[in-house]
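Enquirer: There's a structure below that I have some questions on.
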Ligand code: KIV
Ligand code: NA
């Protein structure tokens, strides 16, 4: 199985097949996702919340994403890897090109993602012109949640929905290879999807988008601060890990662990010589 390219993704999209994307931030979660046959891995700045313990994605740096995406690359054989450009790393066109190039060159990503609509077309065009595929991100954009008045559904009024549609068209026109839509009414997401000729990847955008993305830690039950309405908790891995570690602690205290099978021996005569 050879690595998935952007052509494979667009081919699957044109066939009307749904695209799957999940976040991953390290070797083992990337490996699990890749083995599970996921199409795309997003090294999201959600790493700041679910791995680093920050309350927002704002503190995440380019170095953080590069550090994590290098690990993701080592755990990935097939999936297409997209790296998030963090808050403040694409304010100017120059910054955008330079930092996107770093995510590709040092972070070993296949593409970059950046948040924002029409206002970002200059940055997006410049990155695309430098030969780097760009994934857009509209609707709820967590990096600017403060300006949006919190983590809330976007595009709920007729005028807001129209603005979202215009943003999507502008991103497509600017050369984005796909667009993430976060927290928008399903009807609006479906409409926009039907009007575009690039895939939309939804999170909290209903089932009418071209694909879905979920945050790994939310899905497996590894993040306990809150579960967003748009994420489905398929397992309680955090609880499982807690019980495993607790069992280990008990076995250490009760001298059940380690057993002989976990231990090393030496020849008796060698040990006798050692004691002399
Ligand atoms: O950082 C992230 O996990 C994301 C997805 C929610 C799209 O941007
Ligand atoms: Na993100």
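The values are calculated or read from the model by the stated rules, or taken from the named source; none is laboratory data. Remember, predicted model here, so these are calculated numbers, not experimental data. Because the Cβ atoms are built from the backbone with ideal geometry, glycine has one as well, and the counts that use them run over all protein chains shown.
Enquirer: Just the residues that are part of a loop (DSSP other than H, G, I, E, B) and farther than 25 Å from residue 115 by Cβ, please, taken from the stretch 3-25. Steps first, please.
Expert: Initial filter on the stretch 3-25 (part of a loop (DSSP other than H, G, I, E, B)): 3-5, 15-18, 24-25.
3, 15, 16, 17 - these are the residues of the stretch 3-25 that are part of a loop (DSSP other than H, G, I, E, B) and farther than 25 Å from residue 115 by Cβ.
Enquirer: Of the conditions (1) in contact with a strand residue (DSSP E or B) (Cβ under 6 Å, 6 or more places away or on another chain); (2) free of Cβ contacts under 8 Å to residues at least 24 places away in the same chain, residue 178 clears all except one; give me its number.
Expert: (2)
Enquirer: I would also like to ask the following. Among the residues of the stretch 116-149, how many are more than 14 Å from ligand 2 (Cβ to nearest atom), modelled with pLDDT of 95 or more and in a loop (DSSP other than H, G, I, E, B)?
Expert: Of the residues in that region, 5 qualify.
Enquirer: I'd like to verify a number: residues in the stretch 26-81 that are under 19 Å from residue 100 (Cβ atoms), in a loop (DSSP other than H, G, I, E, B) and away from ligand 2 (no atom under 14 Å from the Cβ), how many?
Expert: Looking only at that region, the number is 0.
Enquirer: Oh, and also: If you check 95, 26, 45, which single one turns out to be within 16 Å of ligand 1 (Cβ to nearest atom) and over 27 Å from residue 193 (Cβ atoms)?
Expert: Working: 95 fails: within 16 Å of ligand 1 (Cβ to nearest atom); 45 fails: over 27 Å from residue 193 (Cβ atoms).
Just one listed residue meets the conditions, 26.
Condition check ((1) at pLDDT below 95; (2) crowded, with 19+ Cβ neighbours inside 10 Å; (3) under 25 Å from residue 151 (Cα atoms); (4) touching a strand residue (DSSP E or B) at 6+ places or on another chain (Cβ under 8 Å)) across all residues:
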position	(1), (2), (3), (4)
1	yes, no, no, no
16	no, no, no, no
25	no, yes, yes, yes
46	no, yes, yes, yes
49	no, yes, yes, no
53	no, no, yes, no
77	no, no, no, no
80	no, yes, no, yes
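Enquirer: Still on this structure: Against the definition (in contact with a strand residue (DSSP E or B) (Cβ under 7 Å, 6 or more places away or on another chain), under 11 Å from residue 135 (Cα atoms) and assigned to a helix (DSSP H, G or I)), how does residue 171 come out, yes or no?
Expert: Values: in contact with a strand residue (DSSP E or B) (Cβ under 7 Å, 6 or more places away or on another chain): yes; under 11 Å from residue 135 (Cα atoms): yes; assigned to a helix (DSSP H, G or I): yes.
Considered against the rule, which asks whether it is in contact with a strand residue (DSSP E or B) (Cβ under 7 Å, 6 or more places away or on another chain), under 11 Å from residue 135 (Cα atoms) and assigned to a helix (DSSP H, G or I), residue 171 comes out as yes.
Residues checked against (1) farther than 26 Å from residue 58 by Cβ; (2) touching a residue at least 60 places away in the same chain (Cβ under 8 Å); (3) touching a strand residue (DSSP E or B) at 6+ places or on another chain (Cβ under 6 Å):
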| site | (1), (2), (3) |
| --- | --- |
| 148 | no, no, no |
| 193 | yes, no, yes |
| 199 | yes, yes, yes |
| 205 | no, yes, yes |
| 216 | no, yes, yes |
| 247 | yes, no, no |
| 251 | yes, no, no |
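Enquirer: Hey, another quick one. Please determine whether any residue of the stretch 93-104 is in contact (Cβ under 8 Å) with a residue 40 or more places away in the chain and away from ligand 2 (no atom under 16 Å from the Cβ).
Expert: Yes.
Enquirer: Is it fair to say residue 109 is assigned to a strand (DSSP E or B) and either at pLDDT 95 or above or within 16 Å of ligand 2 (Cβ to nearest atom) (or both)? Quick ask: steps written out before the conclusion?
Expert: Working: assigned to a strand (DSSP E or B): no; either at pLDDT 95 or above or within 16 Å of ligand 2 (Cβ to nearest atom) (or both): yes.
Judged against the criteria, residue 109 is not a match.
Enquirer: Name the residues in the stretch 194-230 that are touching a helix residue (DSSP H, G or I) at 6+ places or on another chain (Cβ under 7 Å), at pLDDT below 95 and either under 17 Å from residue 181 (Cα atoms) or within 14 Å of ligand 2 (Cβ to nearest atom) (or both), would you?
Expert: Residue satisfying the conditions is 228 alone.
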